[in-house]
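Colleague: What follows is a single structure, and I will ask about it in a moment.
The values are calculated or read from the model by the stated rules, or taken from the named source; none is laboratory data. Everything numeric here is computed off the predicted structure, so don't read it as measured data. FYI the Cβ positions are ideal-geometry reconstructions off the backbone, even for glycines, and counts take in every protein chain you see. To get the accessible areas, we keep the full protein, side chains included, count just its heavy atoms, and leave off ligands, DNA and RNA. Shrake-Rupley method; radii C 1.70, N 1.55, O 1.52, S 1.80 Å.
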Amino acid sequence: MARLCADRPRGGPNALFEAAALEHWAQLGCPVSRCVTTVSGDIAIQVPLPEGARTLMLFEYLDGEMTGPETADIQAFAQGLAALHTSGESYQGPKSAYVLDLNYLLLKPLEGLLRAPSMTGELRPKFEKLGLRLNDEILAMGELSHVLCHGDAHGQNNFITTNSEGERQALFFDFDEAGPGYLSYELAVYPWNLYPRMPDEEASNRVQMRWKNFIAAYRDRRPVADADLAAIARFMAVRQFWLMGEYAGRVPVWGSQTMTTGQLHRQVELLRQWELLQLPT
């Protein structure tokens, strides 16, 4: 599978780290889509395009199905993610160009969001207060655990297959956002994907059960400290800020309607509600 690396608000692709981390995980038995090198051993080539040179990478093809709502699939996904984190503890390759900390995930995206052309004088201070309050709240939680993150493990960047022993197994790909970062953020990406992201919509019992199956399966393979567990709901809001920052940064490519003022109004209300969000365990 070929990937022409996107023009991202954060900067250039994290190619050296990504390729090395994938090789490390694969050598330790984690099913991942590794980088395929060129005949000369390079992990990528530079493609000359009108907007400038862009990095083209090639990855191993994987087959399977997205993570479904079945308990066995969710458990396979969670346990596979836990295996990535455990194996990542021994990684000693090239350093990541990016660290998934609050500056990367929240403060920089907030800066980009505040400069968005659809941002208004009324909305700007609301987003700024919400973002800074969220940052302070997480810092007040004390020391939180860090892992080598996939960075985008929402259940659709992996396939679920049945292995030779008849067990469900997760195969992971799309590590463009991989890097060292908060465990709580990594675990927040799946419920962020599950939970409604519109104001006044409550998570159904089915959604909450999927989340409980996920976190129980993860903790069955790898412990999660109470502080990290408590921080997951806050990092769901961090994830939403990160996403809005991505959209704001891509307005020159995707167009002004990528993020409308009406959408921003709804996001304020959603983030206010998520300040009080409590995840079941």
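Colleague: Got a number for the accessible area of T120? Probe 1.4 Å, square angstrom, nearest 10.
Modeller: My reading of the accessible area for T120 is about 40 Å².
Colleague: For the chain, give the percent of accessible area contributed by carbon and sulfur heavy atoms, probe 1.4 Å, rounded to a whole number.
Modeller: 51 percent
Colleague: If I take every Cα pair under 8 Å that is 6 or more residues apart in the stretch 1-101, average their sequence separation and divide by the length, what percent do I get for the relative contact order?
Modeller: Relative contact order for the stretch 1-101 comes out at 35 percent.
Colleague: Once the whole set of protein chains is in place, how much accessible area is left on R250, using a 1.4 Å probe, in Å² to the nearest 10?
Modeller: Accessible area, nearest 10 Å²: 40 Å².
Colleague: Let me ask something else. Just to be sure I understand the model, the point goes 7 Å from the Cα along the line to the Cβ. What's the resulting D200 to Q156 distance in nm?
Modeller: Here the answer is 2.6 nm between the modelled labels.
Colleague: Sticking with this one: Within the stretch 173-189, which residues have the backbone N less than 12 Å from the label spot 7 Å out from A6 along Cα→beta-carbon, could you tell me?
Modeller: From the stretch 173-189, the list is 176-177.
Colleague: Also: Go through T260, V99, A203 and say which Cα lies farthest out towards the positive end of the charge dipole of the chain; charges sit on Cβ, +1 for Lys and Arg, -1 for Asp and Glu.
Modeller: T260
Colleague: A follow-up question, please. Take E23 and Y61, extend 7 Å from each Cα along the Cα→Cβ direction, and tell me the distance between the two endpoints in nm.
Modeller: Rounded to a tenth, the inter-label distance reads 2.4 nm.
Colleague: Something else now. Send over the per residue convex hull volume for the stretch 34-174, Cα only, as a whole number of Å³.
Modeller: Dividing the Cα hull volume of the stretch 34-174 by its residues yields 203 Å³.
Colleague: Same structure, new question: Points 7 angstrom from Cα along the Cβ direction at K95 and V39: gap in nanometres?
Modeller: Modelled inter-label distance: 3.6 nm.
Colleague: Using only the Cα atoms of the stretch 1-99, what are the Rg and Dmax in Å?
Modeller: Looking at the stretch 1-99, its Cα Rg and Dmax stand at 15.6, 47 Å.
Colleague: Taking K and R as +1 and D and E as -1, what net charge do the other residues with C-beta under 14 Å from the C-beta of A6 add up to?
Modeller: Spelling it out: positives minus negatives among the neighbours equals -3.
Colleague: Here's a follow-up. Just to confirm, what accessible area per residue do you get for the chain at 1.4 Å probe, in whole Å²?
Modeller: Result: 48 Å² of accessible area for each residue.
Colleague: Next question, about the same structure. How high is the relative contact order of the chain, in percent, counting Cα pairs under 8 Å that sit 6 or more residues apart?
Modeller: Values: 423 pairs, mean separation 67.4, N = 281.
Taking the mean separation of contacting Cα pairs over the length of the chain, I get 24 percent.
Colleague: Please report, in cubic angstrom per residue, the volume enclosed by the convex hull of the alpha-carbon atoms of the chain.
Modeller: Dividing the Cα hull volume of the chain by its residues yields 134 Å³.
Colleague: Determine how large the accessible area of I215 is when every protein chain is in place; take a 1.4 Å probe and give Å² rounded to the nearest 10.
Modeller: Its heavy atoms expose roughly 10 Å² to the probe.
Colleague: From the phi of every residue in the stretch 217-234, what ³J(HN,Hα) in whole Hz does the Karplus formula 6.51 cos²θ - 1.76 cosθ + 1.60 yield, where θ is phi - 60° and glycine or proline is x?
Modeller: For the stretch 217-234, the Karplus curve yields 5, 5, 5, 5, 9, 8, x, 10, 5, 4, 5, 5, 5, 5, 7, 4, 4, 5 Hz.
Colleague: Report the local net charge at A203: Lys and Arg +1, Asp and Glu -1, summed over other residues whose C-beta lies under 14 Å from its C-beta.
Modeller: Once positives and negatives cancel, what remains is +1.
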